[in-house]
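The block underneath contains the structure these notes are about, expressed in structure tokens.
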Amino acid sequence: MNEEKLEPDFIDEELDYSGRPFDYRDMDSSTCMICEQDPAIKQKLRENLKTLNYNVVEPNTYKEAHKFTTFQTFNVIVVDEAFDLGKDGVNQMLQYLAGLDMSIRRQIFVVLVSSTFATLDYMNTLNKSVNLIINKEEISEIGMILKREMEENEYFYHVFKDFQRKLGKS
């Protein structure tokens, strides 16, 4: 009797799961990635987001953040305007998020932490392709502001997200 190897060839290759931001999490839990290099601001963000029951991951570089996004579609991504700037001075994380397919991008609430723009500056949120801007001076209020703005965002995109679910694209 001819016994052939029934396992696919790709099993022999090692898959790199080191970029997974979470080992295990409840599917109903919300996730957040904080792309911030200032430890004081990062701590305030972490504390406020954990009180809102978010599972938080904190990459130190763009490369690490990008790796996390390949394994996880985050509910919220908080990005500092100066997070791991590239050689050309461009925020690579914001550039990556702006280039995402619309069906994926609409699932993510992107917050820009800025020292130059005012909190809730809607013209610049549109210009920067983010959902919310929070000035660094008002970072301690992020919990209240984020909750209110996410509810408004959910209300605004409810029909779109419902339609995407029915089409099987989310």
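Here are the numbers:
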item	result
Values of log10 I(q)/I(0), in the order q = 0.13, 0.21 Å⁻¹, for the range 46-170 under a Debye, Cα-only, solvent-free model	-0.54, -1.45
Contour minus Cα-Cα distance for E141 and T73 (0.36 nm per residue)	22.0 nm
Cα-based convex hull, the range 37-96, per residue volume (Å³, whole number)	81
Residues of type lysines that K161 reaches as a straight line, Cα spacing below 27 Å, ignoring anything fewer than 8 places off in the same chain	K50, K67, K128, K147, K169
Kirkwood hydrodynamic radius over Cα pairs of the range 97-149, then Stokes diffusion coefficient at 4 °C and 1.567 mPa s, in µm²/s	113
Environment charge of N91, counting only residues whose C-beta is closer than 11 Å and scoring Lys/Arg +1, Asp/Glu -1	-3
Virtual spin-label span in nm between A82 and Q107, 7 Å along Cα→Cβ	3.4
Length added when fully stretched, T116-D162, from 0.36 nm per residue minus Cα-Cα	13.0 nm
Contour minus Cα-Cα distance for N124 and E152 (0.36 nm per residue)	8.3 nm
Rounded percent of accessible protein surface that carbon and sulfur make up, the range 53-170, 1.4 Å probe	52
Per residue, in Å², the accessible surface of the range 62-169 once ligands and nucleic acids are set aside, probe 1.4 Å	57
Other-chain or far-sequence residues with amide H under 5 Å of I77's (modelled H)	M33, F109, V110, V111
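The values are calculated or read from the model by the stated rules, or taken from the named source; none is laboratory data. As the structure is a prediction and not an experimental result, all values here were calculated from the model. Glycine gets a Cβ as well: all are built from the backbone with ideal geometry, and neighbour counts include every protein chain shown. Only protein heavy atoms, including side chains, enter the accessible area calculation; ligands, DNA and RNA are left aside. Shrake-Rupley method; radii C 1.70, N 1.55, O 1.52, S 1.80 Å.
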